[in-house]
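Engineer: Please find one structure pasted underneath; my questions will follow.
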Amino acid sequence: MLSLIKGAEVYSPEPGGKKDILIGGGKILKIAAKISSPRDFGKIDVIDAQGLICVPGFIDGHVHIAGGGGEGGFQNRTPEIQLSHLTTAGITCVIGLLGTDGSTRSIPELLAKARGLEAEGISTFIYTGAYEVPTRTITGSARSDIILIDKIIGVGEIAISDHRSSHPSEQELARLVSEARVGGIISGKAGVVHIHLGDDHGKMEPLFKLFKDTEIPITQAIPTHVNRNPYVFEDAISFGKMGGFVDVTSGIFPREQDKNPIKPSIAIKALLEEGVPLSHITMSSDGNGSAPVFDKKGILTGLSISSVKTLWREARDLVIKEGLDLSQALYPITQNVANVLKISDFKGQVREGLDADLVLLTRELDIHTVIGKGKTMVENKIPKVFGTFELSGK
Ligand code: ZN
């Protein structure tokens, strides 16, 4: 079926003016100042977008889609994410990954969840691996996983400088990053390694050493959680200025009991002010893992599930609180992620020929409508499509 979006203010992320957008077969077929509905083409779903802003669907590069957590006991393992949790957050493409727990969680389970979400209507990819090195795989090697399994586009999240890391040696890390790179070269994928940074004072030193001592391009390993504390953030500025990509985590922000993290929107603005090119900055949510809940005195009262909604909340704050242009705020959660992950031929922009993954925003920059692969998933802030078992028992 064809859909015609009428009169939206387009940010591709670049501002493109008021446009009509024709969608068919899951793709953006045409963008023009005015498109009339062709009468002979059968029923066309017309979406009146007067007063709305059309932006690319968000790409969240770090979500524990098959569940995460489990720290502090088995009762703390978070369940699988539900489709509408992602779509109502404007996310039309997600990269799933494991985390601390590569023992009770597995890559086949993650792959199955990614395929499930894809069947339910959004786009998915995954990283093979978990925190530890040697890491978890399906085929026995990260390289073969990337080459042989369509949805696997890289390795992650590999933990360094963290008390939960396996503390890989420089050689182990170099071997893994090279493996991923070669996997990427052979399969035409990104083959990147997504690196979890912890609070150790070793900070990003293992990465600086790796790229000093080897010929591996600095863009092959992408550090995430760079805003987790001021000293890691300082290293991230240097890394970004050296030509690396840096990933800010929208789910890490200052809370009453822990003021150490840098608010994600402030972190992105600071990276830009320090001279890190916008094209080298991405943001992901780290959603669906476990997040501690503290009372006002800072006492742990329980656990909640970290929300993917922080992704747009922080990107929106870049405009509302930090004064950036909307297009600047969009790049780290759309086109930049697509470029880093080598999926820009079909994701990350409002452009003819690309997948029809679109978000319509209100003037106040609230998420109004979400379209995934041409299908309306959220309409006027209400989810229209749910995951297979999402409503069971309700
Ligand atoms: Zn992490």
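The values are calculated or read from the model by the stated rules, or taken from the named source; none is laboratory data. Because the structure is a prediction, the values reported are computed rather than measured. Reconstructed Cβ throughout: ideal geometry from the backbone, glycine too, with neighbour counts over all protein chains shown. Note: accessible area is taken over every heavy atom of the protein model, side chains too, but ligands, DNA and RNA are not part of it. Shrake-Rupley method; radii C 1.70, N 1.55, O 1.52, S 1.80 Å.
Engineer: For region 219-244, give me each residue that is farther than 21 Å from H201 by Cβ and either part of a strand (DSSP E or B) or within 16 Å of the ligand (Cβ to nearest atom) (or both).
Structural biologist: I222
Engineer: Would you be able to tell me the number of residues in region 1-26 that are part of a loop (DSSP other than H, G, I, E, B) and open to solvent by less than 50 Å² (accessible area, probe 1.4 Å)? First the steps, then the outcome.
Structural biologist: Quick first cut of region 1-26, residues part of a loop (DSSP other than H, G, I, E, B) only: 1, 12-14, 25-26.
Within this subset, residues satisfying the condition of being open to solvent by less than 50 Å² (accessible area, probe 1.4 Å) are 12-13, 26.
Residues flagged as part of a loop (DSSP other than H, G, I, E, B) and open to solvent by less than 50 Å² (accessible area, probe 1.4 Å) within region 1-26 amount to 3.
Engineer: Tell me which residues, restricted to region 353-394, are open to solvent by 20 Å² or more (accessible area, probe 1.4 Å) and farther than 18 Å from I47 by Cα.
Structural biologist: The answer is G353, E364, F386, T388, F389, L391, S392, G393, K394.
Engineer: Being closer than 19 Å to K347 by Cα, surrounded by 16 or more Cβ atoms within 10 Å (Cβ to Cβ) and in contact with an Asp or Glu (Cβ under 8 Å, 6 or more places away or on another chain) narrows it down to one residue among L29, L52; which is it? First the steps, then the outcome.
Structural biologist: On the way: L52 fails: closer than 19 Å to K347 by Cα.
Residue meeting the stated conditions: L29.
Engineer: If only one of V319, V276, V293 is at pLDDT below 95, farther than 20 Å from S84 by Cβ and β-branched (V, I, T), which one is it?
Structural biologist: Numbers: V319 fails: at pLDDT below 95; V276 fails: at pLDDT below 95.
Being at pLDDT below 95, farther than 20 Å from S84 by Cβ and β-branched (V, I, T) holds for just one of V319, V276, V293, which is V293.
Engineer: Could you grab me the full set of residues in region 91-115 that are of a type in the set (A, V, I, L, M), out of contact with any Gly (no Cβ under 6 Å at 6 or more places or on another chain) and more than 16 Å from the ligand (Cβ to nearest atom)? I'd like the intermediate steps shown before the answer.
Structural biologist: We begin by selecting, within region 91-115, every residue of a type in the set (A, V, I, L, M); these are 91, 94-95, 97-98, 107, 110-112, 114.
Filter once more, so that each one left must be out of contact with any Gly (no Cβ under 6 Å at 6 or more places or on another chain): 91, 94, 98, 107, 111-112.
Listed by number, the residues that qualify are I91, I107, L111, A112.
Engineer: Next up: Being over 30 Å from G25 (Cβ atoms) and surrounded by 23 or more Cβ atoms within 10 Å (Cβ to Cβ) is the filter here; which residues of region 138-160 pass it? Give the steps one after another, and end with the answer.
Structural biologist: The initial filter retains those residues of region 138-160 that are over 30 Å from G25 (Cβ atoms), namely 138-145, 155-160.
Those that are over 30 Å from G25 (Cβ atoms) and surrounded by 23 or more Cβ atoms within 10 Å (Cβ to Cβ): A142, R143, D145, V155, G156, E157, I158, A159, I160.
Engineer: Which members of region 55-80 meet the condition of being more than 16 Å from the ligand (Cβ to nearest atom) and crowded, with 24+ Cβ neighbours inside 10 Å?
Structural biologist: Passing the criteria: V55, P56, G57, F58, I59.
Engineer: Kindly provide the set of residues from region 185-200 that are without any contact (Cβ under 8 Å) to a residue 60 or more places away in the chain, surrounded by fewer than 22 Cβ atoms within 10 Å (Cβ to Cβ), away from the ligand (no atom under 15 Å from the Cβ) and of a type outside the set (S, T, Y), ordered by number.
Structural biologist: I185, I186
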